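Just so you know, all these numbers are worked out from the coordinates, no wet-lab data involved. If you're wondering where the values come from, they're calculated on a predicted model, not measured in any experiment. Reconstructed Cβ throughout: ideal geometry from the backbone, glycine too, with neighbour counts over all protein chains shown.
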Amino acid sequence: MMRTTWISRLLTKKTDLPVYWAAIALGLVGGSLSGCGLQKDIDVELPAYPPQLVVEAYLENGRIPRLSVSESGPYLAPPTLQVPTDVQVVLTQPNGRRDTLRYGPNIDRSTGKGYTHSGNRRLTARPGDVFQLEAYDTKGRRITGTATMPALVPIDTVEWKFDDKPGDQRRAYVLVKFQDPANATDFYRFQVHKGRLTEEAEVEYTPDDRLTNGQLVTLGTSYEFEPNDTLIVTLYHLDRPYYQFLQSVDDARGANGNPFAQPSGVRSTVEGGIGVFTVLSYQRRQVILK
Amino acid sequence: MTVRLTILSILMGLGVLVPQVVQAQVRYVLSGVVRGVGASEGLPGATVAVPALGIGATTADDGSYALTLPAGRHQVTVSFIGYATQTRELNLTRDQRLSFQLAEAGNTLGEVVIEGSGSLEQKLQTTQMSVDRLTAREAKLLPALFGEVDILKTLQLKPGVQNGGEGTSGLFVRGGSADQNLVLLDDALVYNPSHLFGLFSVFNSDAVQSVDLYKGGFPAQYGGRLSSVVDVKLRPGNPEKFTTSGGIGLISSRLTLEGPIKKGKGAFLVSGRRTYFDVFTRQINRLNNDDPDYNPIPDYYFYDFNAKANYKLGDKDELFLTGYLGNDVFGFNSQNGFNFDFSWGNTVASVRWNHVFNPRLFLNTTASLTKYKYQIANKLDQFGFNLSSDIRDLTLRSDLDYTPNERHALRFGVTATHHRFGTGSLQAGSQDGSVNIGSDVTYYGTEAGLYASDTYKPSDKLQLEYGLRLSGFQSGSDAYGGLEPRAAVRYSLTPNVSLKGSYALMYQYVHLVTNTGASLPTDIWYPSRQSVKPQRSQQVAGGVSWLLGDGRYLLTNEVYYKWAQRQIDFKDGAQLFVNPDLDSEFLFGKGWAYGNELYLEKKQGRTTGWIGYTLSWTKRRFPPQRGTNGINNGNTFYPTYDRRHNLTVVVLHQLNQRINLTGSFVFTSGAATTLPLGRFAFQDVAGAEPSAVPIYPERNTYRLAPYNRLDLGLVYKLKPIRSGGESDLTFSVYNAYNRRNPYFVYFDQIENEDTDEVLGYRARQVSLFPVIPSVTYNFKF
């Protein structure tokens, strides 16, 4: 997992490269100095941080729309998730119909994911359809967002190949091929889950087609899967705002604790707050490595 | 044409080119070169004077001088601190050349002869302000991290110069960034002057003679960078006899060989250095070979070679050759199919031809090659990729020095550089060919400069130095250029007090692409293009120098104000690697820096040293542009290297003939840094494992704790093992009182170890180096 993520990131997001190696250099020089008490807790006084509304909304064709609206808080505040109870959410369909989503926080038992607002009917979404989201509370905070469903990019093939190692050491890599559309810059999210989707992905990265536009693209893993592993391979086709949001979340998390990184803000797909509003377009295959 | 006319007008206006009024007395030019005994290259900054007439001059960078004297007998005195003063008599009946060889005053390895960087009197009298000269001999006496003497780090102890972080060798001069320094090695540019991600500079102190750091008042011969000139000169070889010198240190060893090529004709010097981290880490890896949980330590080492040679082609011609080759090599080869090789380094070569037309006219013509390259080769199972980037310069420059009379010293020059920018080459693929992608982006550019300057001394009290540089850059169909006026003035209020002022305008046509705030080997250089226009800065400085205590102390105070346009930064989340559309990632803004530098130095006696204090501000502003809110919503912010206060104290004391004690103390205000103010919970599509995402509303809103550190050193001269041989032990203690200086701060989760439940958050401060003692053995025979 670690190694795969590593090479994938090198290929897909080169800005991490110097940061990674600078960290290694520091480790090299300072490694022998570890254990010398070079870290300590300190008190920091940060400027006041006004909480903002945070929305996570992933619409899917054929599913009841469900989303979460929470609140950001000061970093060093207690880790309790703040869920405002006075937020109204309105989802506007491509045909202009405005649906007010019902507030009712709950946790999906099958996935462990939390929601605060749900719709009443299953969504119909086709590539190119444009949805709008509006969430506002009684304090005057208002989030708005627009999302267009990207076209589906189908998986062409899923292949795997075992190495020549004996017995228990035998491992396979997986290759996924798909045809990249030629007419625009495309963004993808590639995931390989083992067994079930609710666990963290074994392999995940978010490539673009800067170097592969219009080509038959192959994404792969290293030799890391065992015989009879059940793998779920997912290829999301992202629009640019969602891709940038994912990248910026990754950057923000990576910058905390890295002296060489340039911290940057999360690039939300919504305005007036933080978060993401998007329509998912993906294809998923399940394979058993025989 | 306009430029030429402007230069001519200026020069004619000051009477340089106007025939001099017929002299009442016949005058001739006395010229030559001042060298140290056993050295083939001149001593810059030495004083050549005729005390009876009150006429004197300071030697130039190559040790040359020229005096216009009345015909007749004169007593000429040559002095340079650290060397024995020499006086010679002559009868001047024509233009005449007279060179001097000065014996070092008690020069043995390890003795406190820290001067050699110009006398205080000279510093008082010179028009040039905002310059610090440091010799390798000075740097070698001071304590150093891991015992690795580093002349660039020693420069960080001078006022107006900040470092880029604990232990790093990058220079941030008067609010400029590290890429705005023009780093020259014997007139050839060095693009990445550091090893090990900035922890050590590429300059081996055994091969270096001196370095001049210009912080402002830039002479017209320099151009191409905004903030400083770091002019490093390699040491010439010994023309009299073959010698070997070197040292064995905690992390590296050095060896230098030098000697005559042909007696009286020329000399050579070759010097090498290599670290041996890898020797130890391989042993550690071997010892842990059987531990399945052990993560092997990657191989790492760096090495560099310096070479210098000079050869006299005749009475009027001499050739100088300089070469540098250095590389950092990082390798990791695991048994499970993960191989990683990463190397980077500079190659520099230059040849300079010195021709003396006559005692009034010298010509130096230099051809040089500079290359910096990094290369990454990575293989993971069936996948592999190669990533590389390089920049290569070919430069030809010519400088003409002309001394028409004792009031004027003219310098003209022209320089042209052809750049090749390989901003990124990527090849990635799998062994079976199912994955194969590649990209290669290369740009070309030509940079040129033409300059003229004059040092004019209308009276003993007043001296002016003024010049004009015309610079230009062309890349593809894009071309840029501009005039860069330079001026400096010195007025002597009294024999012990001088007032000085300067102005300089600079252009920078090549830009470093980095968003890390540190000098890393993967940083790339990028040419000015249609959407990335040249950077520009102007600086004014004023100062007073006061010679105190019968000439034993020099107190200098300088104020400066610098303003810069088209400063460069990058969009949040910019793709800087192998990006064919890199232009779109740039952001442009303005910068300001101002401050006051106070400097007291003592260069003679058993106890020497200096105290420097800088009060400064550095600011940047990047307004909304290119679909972004700029940086910090267009508000002014402090870059990370902004420091309000900076105090340095350096003391060197000769206890006796064999023991020298040294110490340096540094205090600086905390660096500006970025901390997240808030966080939010992010579930992602799956939602099973929510994580905290930091929120960074603005850059550099938090200040780290102030930095302070005391380093101590002791040089103990050993008894000679053989006749003529010398050796010493140099002890250093870095961070003597073991202060935990902040390197960075991060926020951490406090978790229940059993349940992984997040209990809270805390701020953690990380320090890099605790107290580090080291010892180095140096020898010479």
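State the Cα centre-to-centre distance between segment A:114-164 and segment B:159-233 in whole Å.
Measuring centre to centre over Cα atoms gives 52 Å.
I'd like the FRET efficiency for B:LEU655 and A:LEU211, computed as 1/(1 + (r/R0)^6) with the beta carbon distance as r and R0 of 60 Å, rounded to 0.05.
Working: r = 64 Å, r/R0 = 1.07.
The computed FRET efficiency comes out at 0.40.
Return the ratio Rg/(2.2 N^0.38 Å) for the protein assembly as shown, where Rg is computed over Cα atoms only.
On the way: Rg = 32.5 Å, N = 1071, 2.2 N^0.38 = 31.2 Å.
Cα-based Rg divided by the globular estimate yields 1.04.
Treating cross-link reach as a plain straight distance, find the lysines whose alpha-carbon is under 24 Å from the alpha-carbon of A:LYS161, omitting any fewer than eight places away in the same chain.
Candidates past the 8-residue exclusion: A:LYS177, A:LYS194, A:LYS290, B:LYS379.
Which longest run of chain A has no exposed loop site in it, a site being GluC sites (Glu not before Pro) in a DSSP loop with at most 14 other beta carbons within 10 Å, and the site itself not part of the run? All intermediate terms of the calculation are to be shown ahead of the outcome.
Numbers: sites that count: A:GLU45, A:GLU199, A:GLU200.
The longest uninterrupted stretch comes out as A:46-198.
Among A:GLY220, A:GLY119, A:GLY96, which one shows the highest mean-square fluctuation when chain A is modelled as a Gaussian network with alpha-carbon springs under 10 Å?
A:GLY96
Give me the distance in nm between label points sitting 7 Å out from Cα along the Cα-to-Cβ direction at B:HIS355 and A:ARG102, one decimal.
Those two pseudo-labels are separated by 9.4 nm.
Under a 5 Å amide H to amide H cut-off, with H placed in plane at 1.01 Å, what residues pair with A:TRP160 once short-range neighbours are removed?
A:LEU175
Figure the gain on full extension for B:ASP581 and B:ALA705 (residue separation times 0.36 nm, minus the Cα-Cα span) and round it to one decimal in nm. Intermediate results must be reported in sequence, preceding the final value.
Numbers: separation 124, 0.36 × 124 = 44.64 nm, distance 3.94 nm.
Once the chain is fully extended between B:ASP581 and B:ALA705, it gains 40.7 nm.
Expected output is a single nm value to one decimal: the length gained when fully extending between B:ARG94 and B:ASN285, i.e. 0.36 nm times separation in residues minus the C-alpha distance. What is it?
On the way: separation 191, 0.36 × 191 = 68.76 nm, distance 7.29 nm.
Computed gain between B:ARG94 and B:ASN285 is 61.5 nm.
Using a simple spin-label model with points 7 Å from Cα along the Cα→Cβ vector, what separation in nm is obtained for B:ARG606 and A:ALA182?
In this crude spin-label approximation the distance works out to 8.5 nm.
Suppose R0 equals 45 Å. What FRET efficiency, 1/(1 + (r/R0)^6) with r the Cβ-Cβ distance, do B:THR244 and B:TRP546 give to the nearest 0.05?
0.50
Just need the Rg to Rh number for segment B:125-265, please, alpha carbons only, Kirkwood Rh. Could the numbers behind the result be given before it?
Details: Rg = 15.9 Å, Rh = 16.0 Å.
Here Rg/Rh amounts to 0.99.
Quick one: which residues, 5 or more positions from B:ASN346 or on another chain, have an amide H under 5 Å from its amide H? H modelled 1.01 Å from N in the peptide plane, none for Pro or chain starts.
Amide H neighbours of B:ASN346: B:GLY326.
Note down the relative contact order for chain B as a percent, whole number, built from C-alpha pairs under 8 angstrom at least six residues apart. Show your work: numbers first, answer last.
Details: 2202 pairs, mean separation 81.0, N = 781.
It rounds to 10 percent for chain B.
Any chance you could run the full-extension gain for B:ASP317 through B:ALA416? It's 0.36 nm times the residue separation minus the Cα-Cα distance, nm to one decimal. Write down the numbers at each step before the final one.
Numbers: separation 99, 0.36 × 99 = 35.64 nm, distance 2.29 nm.
Extending this stretch completely gives an extra 33.4 nm.
Using helices alone, what [θ] at 222 nm do you get for chain A, with -39,500 (n - 2.57) per DSSP H run of 4 or more residues, divided over all residues and rounded to the nearest 500?
Numbers: 3 runs with 42 residues, N = 290.
Mean residue ellipticity at 222 nm (helix-derived): -4500 deg cm²/dmol.
Using only Cα atoms, tell me the angle between helix B:277-287 and the longest principal axis of chain B; keep it within 0 to 90° and round to the nearest 10.
Roughly 30 degrees between the two axes.
Between B:THR494 and B:ASP748, what is the label-point separation in nm under the 7 Å Cα-to-beta-carbon projection?
5.9 nm
Calculate, for A:THR85 and A:GLU200, the FRET efficiency according to 1/(1 + (r/R0)^6) with r their C-beta to C-beta distance and R0 30 Å; round to the nearest 0.05.
Values: r = 30 Å, r/R0 = 1.02.
Once the sixth-power term is evaluated, E becomes 0.50.
Say we join alpha carbon atoms closer than 10 Å with springs in a Gaussian network model of chain A; which of A:GLY265, A:GLY195, A:GLY257 then has the biggest fluctuation?
Fluctuation is largest for A:GLY257.
Using alpha carbons only, how many angstrom separate the centre of segment B:727-757 from the centre of segment B:460-499?
46 Å
Quick one, could you list the DSSP H helices from chain A stretching 18 Å or more along their long axis (Cα atoms) with average Kyte-Doolittle hydropathy of 1.0 or above? Don't skip to the end; give the middle numbers.
Values: long enough: A:16-30 (21 Å, 1.44); A:240-255 (22 Å, -0.88).
Span-like helices, by this rule, are A:16-30.
Kirkwood-based Rg over Rh for segment B:27-102 (C-alpha set), two decimals? Before the final figure, lay out each step's value.
Details: Rg = 11.5 Å, Rh = 12.2 Å.
With Rh from the inverse mean 1/r over Cα pairs, Rg/Rh is 0.94.
Over all directions, the average projected area of the alpha-carbon convex hull for chain B comes to how many nm²?
Details: hull surface 150.4 nm².
That works out to 37.6 nm².
Select from segment B:715-781 those GluC sites (Glu not before Pro) which occupy a DSSP coil region and have at most 12 other Cβ atoms within 10 Å, ordered by residue number.
Numbers: sites: B:GLU726, B:GLU751, B:GLU753, B:GLU757; in loops: B:GLU753, B:GLU757.
In loop regions of segment B:715-781 (DSSP not H, G, I, E or B), the sparsely surrounded GluC sites (Glu not before Pro) are B:GLU753, B:GLU757.
Roughly how tilted is helix B:2-13, in degrees to the nearest 10 and between 0 and 90, from the longest Cα axis of chain B?
40 degrees
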